[in-house]
Structure formats: C-alpha cells, structure tokens
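This report concerns only the one structure given below.
The values are calculated or read from the model by the stated rules, or taken from the named source; none is laboratory data. These figures come from a predicted structure and were not determined experimentally. Cβ placement follows ideal geometry from the backbone for every residue including glycine, while neighbour counts extend to all protein chains displayed. In case anyone asks, the SASA skips ligands and DNA or RNA and just uses the protein heavy atoms, side chains included. Shrake-Rupley method; radii C 1.70, N 1.55, O 1.52, S 1.80 Å.
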Amino acid sequence: MRVQRLESEPAYAFGNREPALTVPPGTVVELSTEDCFGGAVRGVDDLPSQVCQFPYLNPVTGPIAVEGAEPGDTVAVHFVDIRPRRDWAVSTTFPHFGALTATHTTAMLHDALPERVWRYDVDVDKWVCRFHARNSDFSIELPLDPMHGTVGVAPAAHEVIMSITPGAHGGNMDTPEMRAGTTAYFGVNVPGALISLGDGHCRQGEGEVCGTAVEAAMSTVVVVDLIKGAACPWPRLEDDRYLMSTGTARPLEDAFRISQHDLVGWTGQLLGLDPLDSYQLISQTGLAPAGNVVDTNYTMLAKVGKDVVGVPAYDGVHDRLRATATRYLAER
C-alpha cells in the first residue's frame, strides 16, 4: 500500500496552480486542512468581518495530481478518515448570507441578520461537539459527523474558480454525504486532475441553512484512484448504500433538475434502461437531500439505493477503495 503525506500552502481557488503532490492511482494520502476562516475565528468575539480578509476564505489543501489522468477520465477520491484537529469549532451568521435572510441577490428593505459567532466544544474521544446557545443557558451534545464541504478538481478551459463556489468541477458543494466511507467521482478537465479539498465540518444539517456548519480544521486521509475513459459530467458520490448525483446552479430548482437528470442517465446506463424507464424508476425510488442553499451556487443531490440498482458502478471502484481504507486503518 502506497501512503504519502501532503504538505501545501493553502489555496483559495481551483485551477491555475501547480500540483503540490503527484501520486499513482491507488495511493493513500494523509493531509491536514484549515477551517473556512483560516483559524482566525476562535471565539464569540472574533467577528469574521474584523479578523478575516476577503478573498482569503475557505482555504483548500492541494492540488494532488493523479498520474495518467487526462480529460475524458474520472478520478475517485475515497474518504478514509476525517477527524477534527482542535478541541473547538465555530459557526456564524453573516449579514446578507444564508438561506433565511436578505442577500445581495435577494434584495430586501429590512435589515440583514446580525453577525454572530458560536463556539462549539469538540471532544474527539467522546465523538461529540457541544452547542451553547448565545442568549440562554441551553446546551446540547451533538454526535460528530465529520465531512468536507469543499472537494473538487481543476475546472476546464483554464478557468479559475474561487473555492467558495461550487460547480461541475466540484468545489464548495457542502453536502453532509462527503464523509468517511464515501467515494467521490470527478470528471478530469486537465492533465493530472488536480484534486484539492478543505472546509472541514464537524457536522452540518442538510442545506447549511445559516450559511456555515460547525467549521473545523481536520486531519484527513483519502485514497485517490483513476477510472480511464469514463467521463463524469457532474460530481457523483457513492457509499455502501447509495449512488448519488450532484447538481449545482441557481435557482435551486435547476440544481435539483441537474442532479435528477444525471442520476436518471447514470442509472439507465448501469441497468441498460431507456431514458423514460430510468426516469420512472428514479421517480419512485429516489431521494433528494440538499447540499447547500446558501453559496454562490446551490447544490442538490439525487440518490438511489444500491439495492435498487443492483450492479456496481465504475466496475466496483468503491468496494476496492473501501478495502484499501480498511487495510490502512488496521495497520495505522
């Protein structure tokens, strides 16, 4: 088993960056990521508008180049382990950001929500984080469910896209499904694919409604692999139970349509169904969780049970990477 450690300076965009590490397919990569505020927001008095500098938000680690990856291929990123690096994490509200407030593109005359910070206590040994209300004595322990909000590859056509913006290349999709045990698939746009990731969350509800999750620095382990000659039009996910397609756009219904369209096509391809038969099957068996409804683009998922599909995707890449992850964790 090949294991490499990635050390890189943070980046704030996908594209136009030399690889920090180049690995053959099947390599286990150990890395660290900073939280979306670059570690600058540490307590309730650290307002992001005062301690952070735009556009230096949402740093990502990478890129990782995969040997032999070319446009028209797909790279797989399997999450082996994701765990918080600190005993604290933060969440915030911002003026003009979030799903339940006026924004710059949804202009209203009423005042925006105030800027406020919540600090969570993180106990990795107990595998919990503790929420403390700001205006009462209420607190509650919540199970950790670590995931990465931002994962992707370099975009096509030499484009450079800020790390806060999701798109067909991946990016800041903010789906809780991107947890340990999940394999993410990305279509390759440039030689090497150039995978980057960041924006660790101790946990997050679907939609990331207030605009931020429980934001944390992470120690993360992934396995990267290569699927030759298999194009992937939008990021796709697979875990032990589900196949998932993503769609990113504004308005939200178009993100929904993209994800459903991709899952209908993917399922039809796997089962040899014509488009309307696949459409009918997904209509009766599919689920539609939200990724985010707050970012510069919104992200929706479409998911179907693997018991419904019944055949392996990408010739069983997920199961193979799961086996690699199991060996790595046993030997660590």
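Protein heavy-atom surface of the chain, 1.4 angstrom probe: 52% of the accessible area is carbon and sulfur, with nucleic acids and ligands not counted.
Hey, what did segment 220-301 get for relative contact order, percent, Cα under 8 Å, at least 6 apart? Please report the intermediate quantities before stating the final value.
On the way: 100 pairs, mean separation 22.8, N = 82.
Here the relative contact order equals 28 percent.
Using the beta-carbon distance between D45 and W127 and R0 = 25 Å, what value does 1/(1 + (r/R0)^6) give for FRET efficiency, to the nearest 0.05?
Values: r = 28 Å, r/R0 = 1.13.
For R0 = 25 Å, the calculated efficiency reads 0.30.
Note that segment 18-33 has calculated 3J(HN,Hα) couplings of 6, x, 7, 7, 10, 9, x, x, x, 7, 8, 10, 9, 8, 10, 10 Hz, one per residue in order, obtained from phi through the Karplus relation 6.51 cos²θ - 1.76 cosθ + 1.60 (θ = phi - 60°); glycine and proline are x. Per residue, the average separation of C-alpha pairs within less than 8 Å and at least 6 apart gives segment 142-230 a relative contact order of 33 percent.
Residue farthest toward the positive end of the dipole of the chain, with Cβ of Lys/Arg at +1 and Asp/Glu at -1: which of A180, L271, T299? Farthest along the dipole direction, towards plus: A180. Taking the Cα centre of segment 122-208 as origin and assigning +1 to Lys and Arg Cβ atoms and -1 to Asp and Glu Cβ atoms, the resulting dipole is close to 100 debye. Calculated on the alpha-carbon coordinates, the convex hull of segment 26-66 measures out at 66 cubic angstrom per residue. Remark: the chain carries 44 Å² of accessible area per residue (probe radius 1.4 Å; ligands, DNA and RNA excluded). Measuring how big segment 176-332 is from its alpha-carbon positions, Rg and Dmax come out at 16.0, 48 Å. Between F138 and T22, the modelled label-to-label distance comes to 5.5 nm, taking each label 7 Å out from Cα in the direction of the beta carbon.
Amide H contacts of V214: C202, R203, each under 5 Å away and 5 or more positions distant or on a separate chain (H built 1.01 Å from N in the peptide plane; Pro and chain starts excluded). Report the residues of segment 59-86 in range of a label on R327: point 7 Å along Cα→C-beta, backbone N strictly under 13 Å from it. The answer is none.
Between amide H atoms placed 1.01 Å from N, distances below 5 Å from Y242 occur with K306, all of them 5 or more places distant or on a separate chain. Scanning residues 5 or more positions from Y120 or on other chains, those with amide H under 5 Å from its amide H are A89, V90, S91, with H placed 1.01 Å from N in the peptide plane.
Sorted by mean Cβ packing within 10 Å, highest first, what order do the peptides 283-290, 78-85 take?
Values: 283-290: 14.5, 78-85: 21.4.
Put in order of decreasing packing, that is 78-85, 283-290.
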